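First up is the structure itself, then whatever we jot down about it.
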Amino acid sequence: MGQSASSTAGAQTHHHLRPSKSRSTAAVISTAIKIHNHMENDADPFDVEGLPDYISNLPDECLACIFQSLSSGDRKRCSLVCRRWLLVEGQSRHRLSLNAQSELLTLIPSIFTRFDAVTKLALKCDRRSASIGDDALVLISQNCRKLTRLKLRACRELSDAGIAEFTKNCKNLKKLSCGSCNFGAKGMNAVLNNCPGLEELSVKRLRGIADGVAAEPIGPGAAAASLKTICLKELYNGQCFGPLIFGAKNLRTLKLFRCSGDWDKLLEVIADRVDGLVEMHLERLQVSDIGLVAIANCLNLEILHLVKTPECTNEGLKTLAENCKLLRKLHIDGWKTNRISDEGLIAVAKNCPNLQELVLIGVNPTRMSLEKLATGCQNLERLALCGSETVGDAELSCIAQKCIALRKLCIKSCPVSDHGMEALAGGCPNLVKVKVKKCRAVTSEGADWLRASRESLAVNLDAAETENMDASASDSGAPEGGAENHQAGGQGGGPNIASIGTGRSASFKARLGLLTGRRFACTFRRWSSFGGGSRNT
């Protein structure tokens, strides 16, 4: 089998690298037949008299470049072809993901003897299994000193001492992501002190951090000057990272998800000391208008997510909009508290002319604020309205008439009907995609009519969805669930679910609807990446 793969790969490689006028197709087939017949006699396919050996003449660098363009599975199969391919594949692999169970310890020397150029390493353990300990992590650091990215998941046996020893050997670390681990502040401070080039730090459920006044402060450390992104998730005492956050003078992105405690005072200190913040995510935090007023001092802010922060009101949003005039993306999940409404949205319309993306979840805008947004934010390209009781056919008609630059529109759980869909047929001249979910008054006939009226428009109607509405953008950047990853990546190479034609059967549509009915925020992030001005992590 291995020889057959090698011979085939050789023929394919020559086929892709040949000049425009080279051997004919007949000659290629003839050569393949000769190799096949030669292999039937258990001979070496590369030792065929009269046949050129293209693979042996291919430099290792070219072979490595080919391997790097293959999937992980294809790389594994290629490594079985011959010893040379095994060696080149191992030396050219820069990314590695390992099952971090305790049994890994004895395999580490052989693994990193073969893969000696790894720079990105993921160590993930099943929560029901015993993970690797400090000795395994230290051994990895001794064999993998070029490491720049490390991801730790459920490695519960790692301690502060093991993390400290690891960072002494891997000082070039630029990105660290750890979740469900048991080391604490001492280990985290060791990372910050020993890795001066650290740029991204993501921490989730770090159980070793003490709660209350006994918590040891984290940071700023030597990495404070290089840190650009900090993400904290589900921490009982995330505020102990305060010295690190406001000590990171070059910080551009701050994400805080479901961290307990009152964050208003800390946000005031952060806004006062860090003036380069461009992106901020706040989800399920104890934040009020005091915190929003503090964030208003971040004059370079371009991206803001306010998700389920019920103490934030129109007053805080108005102050923020009046100062953060560079806002390009604004996501608000009002949690149906009605504390953010037309008043706050009109302030955004008046003061944020660069707004390109607006997501409103559980917020009830009326025609008045939508008209202001359309006239004041003439660059608005992506709009999503979810769970808005006040968005009906009249409001959808207003969007169709006024939002000239709009390219992507998503409507979910709103009281719109086929009449609103008809309005889209003649408005929004730049519209390329419409997604309608859980809008019971919108029928398949209305969607079909819209498709027929605008053939270039991709229309996705998902009316049969039965799951509970949850539009939280908690893991905005990289959803961890496999199904969400498939949904977010659908735009790249999978079937285009947004342009389902009328020729499909009803049962097929129903099945496809179940597959594509994922969370609203994940869907919109995929839209956002389509033609967005900058990466939205």
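FYI, it's all coordinate maths here, none of it is from the lab. What you are looking at is a predicted structure, and each value in this text was computed from that prediction instead of being measured. Using ideal geometry, Cβ is built from the backbone for each residue, glycine included, and neighbour counts are taken over all protein chains shown.
Of the peptides 270-277, 353-360, the ranking by mean beta-carbon count within 10 Å, highest at the top, reads 353-360, 270-277. Answer rounded, prolate or oblate for the range 271-425, using the Cα gyration tensor with square roots of eigenvalues a ≥ b ≥ c: rounded when a/c is under 1.5, else prolate when a/b is larger than b/c, else oblate. Prolate. Peptides 383-393, 65-75, 86-96 ranked from most to least packed by the mean count of surrounding Cβ atoms within 10 Å: 383-393, 86-96, 65-75. With K and R counted +1 and D and E -1, the other residues having a Cβ less than 15 Å from that of LYS186 yield a net charge of -2. Spin-label pair ARG83-LYS228: with each label point 7 Å from Cα along the Cα-Cβ axis, the two points sit 4.4 nm from one another.
Distance between the pseudo-spin-label points of SER72 and GLU103 (7 Å out from Cα toward the beta carbon): 1.8 nm. Taking the alpha carbon gyration tensor of the range 233-322, multiplying each eigenvalue by 5 and rooting it gives semi-axes of 17, 17, 11 Å, largest first. Computing FRET efficiency as 1/(1 + (r/R0)^6) for GLU389 and SER456, where r is the C-beta to C-beta distance and R0 is 22 Å, gives about 0.10.
If you take all other residues with their beta carbon under 9 Å from the beta carbon of LEU121, and give Lys and Arg +1 and Asp and Glu -1, the sum is +4.
A straight chain from GLU216 to ASP262 at 0.36 nm per residue would run longer than the Cα-Cα distance by 14.8 nm. Starting from the Cα of ALA425, step 7 Å along the direction of its Cβ; do the same at ASN300; then give the gap between the two resulting points in nm. If labels sit at ALA425 and ASN300, their model points lie 4.9 nm apart. Here the peptides 139-146, 241-248, 369-376 are ranked by packing, the mean other Cβ count within 10 Å, and the order with the highest first is 241-248, 369-376, 139-146. Quote the FRET efficiency, to the nearest 0.05, computed for ASP53 versus LYS120 with a Förster distance R0 of 35 Å and r equal to the Cβ-Cβ distance. E between ASP53 and LYS120, to the nearest 0.05, is 0.55. Applying 0.36 nm per residue to the separation of LYS249 and VAL269 and subtracting their alpha-carbon distance, the gain on full extension is 6.0 nm. Between SER129 and GLN142, the contour length at 0.36 nm per residue exceeds the Cα-Cα span by 2.2 nm. Taking a quarter of the surface of the Cα convex hull of the range 395-436 gives a mean projected area of 2.5 nm². Measuring against 30 Å, Cα to Cα, the residue pairs LYS350/LYS408; LYS308/LYS350; LYS372/LYS412; LYS171/LYS233; LYS146/LYS325; LYS318/LYS402 contain LYS146/LYS325 as the ones spanning a longer distance.
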